[in-house]
Amino acid sequence: MKKLLIGFVTFLIFACNTSPRNEFQLNGITKDFENGTVLYFDNTSTGTLIDSAVIEENTFYFNTKLPKSPLQVVLRTKDFSHYRFLWLENNPMTFDASNSDFRNAIVTGSVEENLSYELSKETDTLSRDERTIKEQRFVEKHPNSIHSAYVLSVYSTTWGKEKTKELYDKLSIEIKQTEFGKEIANYIKLNKNPEIGDSYVDFEMEDRYGEIRRLSEFEGKLVLLEFWGSGCLPCRQENPNLVKTYRKYQPKGFEIFAVSQDTKKENWLRAIEKDGLPWTQVSDLKGQSNIASLIYGISYIPDNFLIDQNGVIIGRNIRGDDLDRKLEELFN
């Protein structure tokens, strides 16, 4: 009997030592949600679904194996009427929206989420310039935070290569090895940020048929290097005007070389077809991190560069009537 007891205690000790000590769980409380409402976790980096849970009596529960930790996700309803970006970590976490709206729920159990939420609260009502100062100070103050690398990766093209490199150099080695750290390093390596009066910077990328195309193919012609995306509403609204301009001036030697910031090929191709875009289209399906956007320092879309027959940039972000007048002037 004594041997049996010792064996049982040994088993319990072994079981405790081999079970995962840090495992992600999320216990959630909501307010005024209907029973049966489904919540989804999407990986923000890949756009893929991680897991789902059903709300019953305004409570829900996730016990999910994370592909990595920390991991940024969006917790959402099916129609995105309620959503919240979160940093998940391999810890028991809580989500309490019983006394607030869904986006301002109190979340515990994640250091990165706490940092992210505090920064968001501090900058929420600030002007753009004040917010930029706060965000840059946050990156400097938290070199070991993956949220610092995330913030810097988002604003790198806006803050410029010099400031981005200054902040990147202060990040820890570990954070530099994250996906966001690698994105920043890639931007610093590739960015040329050409301006009006500079020569264009060549690059190559696959078109919608899988063929490699280069901007330099159109040397000797007047070219509009257009940056857009299928999910960009202003881009889509401008496309009918651009089609009219293209049809009018293409016979005279005008071309458009369009770079899409899409990540899903089917969305990109569907938009080309629906909007009837006849010019050359390329994309590497890497979103804002596509090579051309990094080279040219694109921080928002739509954006474009007008390049003359000698390969010199003569205009930027020209569209609508302004583009028509410029082309009329150049061709006459």
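Each value in this text was obtained by applying a stated rule to the coordinates, not by laboratory testing. What you see is a predicted model, and the numbers here were worked out from it, not measured in a lab. FYI the Cβ positions are ideal-geometry reconstructions off the backbone, even for glycines, and counts take in every protein chain you see.
Scanning residues 5 or more positions from ASP51 or on other chains, those with amide H under 5 Å from its amide H are PHE41, with H placed 1.01 Å from N in the peptide plane.
Remark: PHE102, PHE218 ranked as PHE102, PHE218, counting other beta-carbon atoms within 10 Å and listing the fewest first. Checking (i) 24; (ii) 39; (iii) 28 against the coordinates, the calculated percent of Cα pairs over 35 Å apart falls under label (ii). Look at GLU113, GLU266 and count the other Cβ atoms within 10 Å of each Cβ; fewest to most, that gives GLU266, GLU113. If you take the square roots of the eigenvalues of the alpha-carbon gyration tensor of the range 248-289 and sort them as a ≥ b ≥ c, do you get rounded (a/c under 1.5), prolate (a/b over b/c) or oblate? The shape class here is oblate.
In the chain, the longest principal axis of the Cα atoms and the axis of helix 233-249 are about 20 degrees apart. Computed over the chain with a Gaussian network model linking Cα atoms closer than 10 Å, the most mobile of PHE80, PHE62, PHE257 is PHE80. The alpha carbon gyration tensor of the range 180-332 gives principal lengths a ≥ b ≥ c with a/c of 1.5 or higher and a/b no greater than b/c, which makes the shape oblate. Taking amide H as placed 1.01 Å from N in the peptide plane, PHE24 has its amide H under 5 Å from the amide H of LEU66, ASN91, each at least 5 places away in sequence or on another chain. For the range 20-109, the C-alpha radius of gyration divided by 2.2 N^0.38 Å, with N the number of residues, is 1.00.
Based on DSSP H segments of at least four residues, each scored -39500 (n - 2.57), the chain has a per-residue ellipticity at 222 nm of -12000 deg cm²/dmol. Once every Cα of the range 126-190 carries one equal point scatterer and solvent is ignored, give the base-10 log of I(q)/I(0) from the Debye formula at q = 0.15, 0.23 Å⁻¹, two decimals. Summing over Cα pairs of the range 126-190 leads to -0.38, -0.88. Counting other Cβ atoms within 10 Å as a rough exposure proxy, the listed residues SER148, SER216, SER127, SER293 run SER127, SER216, SER293, SER148 from fewest neighbours to most.
Label separation (GLU140 vs ASP51): 3.9 nm, computed from points 7 Å beyond Cα along the C-beta direction. For the pair THR108 and TYR300 in one chain, pulling the backbone fully straight at 0.36 nm per residue adds 65.8 nm over the alpha carbon distance.
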